[in-house]
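First the structure, in the form of structure tokens, and then the observations on it.
Nothing in this text is a laboratory measurement; each read-out follows from the coordinates by a stated rule. Keep in mind that this is a model prediction, so the values were computed, not measured. All Cβ positions, glycine included, derive from the backbone under ideal geometry; neighbour counts span all protein chains shown.
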Amino acid sequence: MPMNPEQWIDVTTEKNHYSLDHFVIPSHYEKDVSSILIPHGVIMDRVNKLARLIVDEATGPLVVCCILKGGHQYFADLVNCIKKLTTRGGTSVPLSLEFIRVKSYKNDKSEGVTMSITDDECKEFEGKNLLIVEDIIDTGATMVQLLKKLNTYNPKTIKVTSLLVKKTPKSNGYIPDYVGFSIPDEFVVGYALDYNEYFRDLDHICVISDHGKKAYSVQ
């Protein structure tokens, strides 16, 4: 079930616009981000809360699927939090881990996604509870196609968590089951979110500056 917007944190550049002077930024990125949107400590507290919600609603073992590359940091922190928690009945949730690289495609006849795992590997999802872990939902198009494909393998349940949902007019309206933050329609980096493979080593989620876009552009 899509998360109610009242249950996630709505981030805006007006109220969440932290100065770079207030936090530690790697010196090689000081000119490349304009502001800090979500500090690392706030991210971690929110990840803990999402883990609590996931464990409270878990009905059995989970196959936690990391969507590479951007989702890996959120995935690692979320799994660590889930492992430390117990259900209301006092039991821990057994976890198995899967890593999926997803590419979307569109041609004159169809649209969909390709996955880095094989068809035989996907068949092992049958009858299991899947938790898809994504870094950011932008338009929602790729996730909708991914879920359509995964459902063909007859899992018992599929739930999706995304740390971020972008507020963009291009959105198809898709909302995950567990959302950390909604963010403005800005290009954000950090906490494994990249710009041409840079900024994955930045702990905070920041808005990239014009200088950063130019410095790390691909010619």
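For the chain, the longest principal axis of the Cα atoms and the long axis of helix 141-151 meet at an angle of about 20 degrees. To the nearest Å, what is the center-to-center distance of the stretch 1-75 and the stretch 168-193, using C-alpha atoms only? What the calculation gives is 10 Å, centre to centre. Taking amide H as placed 1.01 Å from N in the peptide plane, the amide H of Thr157 sits under 5 Å from that of Lys128, Asn129, Leu130, each at least 5 places away or on another chain.
Of all aspartates and glutamates in the structure, the ones whose alpha carbon falls short of 13 Å from that of Lys49, not counting any fewer than 8 places away in one chain, are Glu57, Asp77.
Projected onto their three principal axes, the Cα atoms of the chain cover extents of 51, 49, 29 Å, largest first. Derived scalar couplings between HN and Hα for the stretch 206-212 equal 10, 8, 5, 8, 4, 4, x Hz in order, rounded to whole Hz, by the Karplus curve 6.51 cos²θ - 1.76 cosθ + 1.60 (θ = phi - 60°), x for Gly and Pro.
Seen from all sides and averaged, what is the projected area of the convex hull of the Cα atoms in the stretch 141-219, in nm²? Walk me through the numbers on the way to the answer.
Values: hull surface 27.8 nm².
Averaged projected hull area, Cα only: 6.9 nm².
Its relative contact order, with pairs defined as Cα atoms under 8 Å and 6+ residues apart, puts the stretch 1-150 at 23 percent. State which entries of Lys15/Lys84; Lys69/Lys159; Lys15/Lys149 exceed 28 angstrom in Cα-Cα distance in the structure shown. Listed pairs above 28 Å: Lys15/Lys84; Lys15/Lys149. Cross-linked pairs Lys31/Lys167; Lys83/Lys123; Lys123/Lys156: Cα-Cα separations exceed 20 Å for Lys31/Lys167; Lys83/Lys123. With each label modelled as a point 7 angstrom along the Cα→C-beta vector, the Ile117-Ala215 pair spans 3.8 nm.
With a simple spin-label model that places each label point 7 Å from the Cα along the Cα-to-Cβ direction, the separation between Thr157 and Leu97 comes to 2.3 nm.
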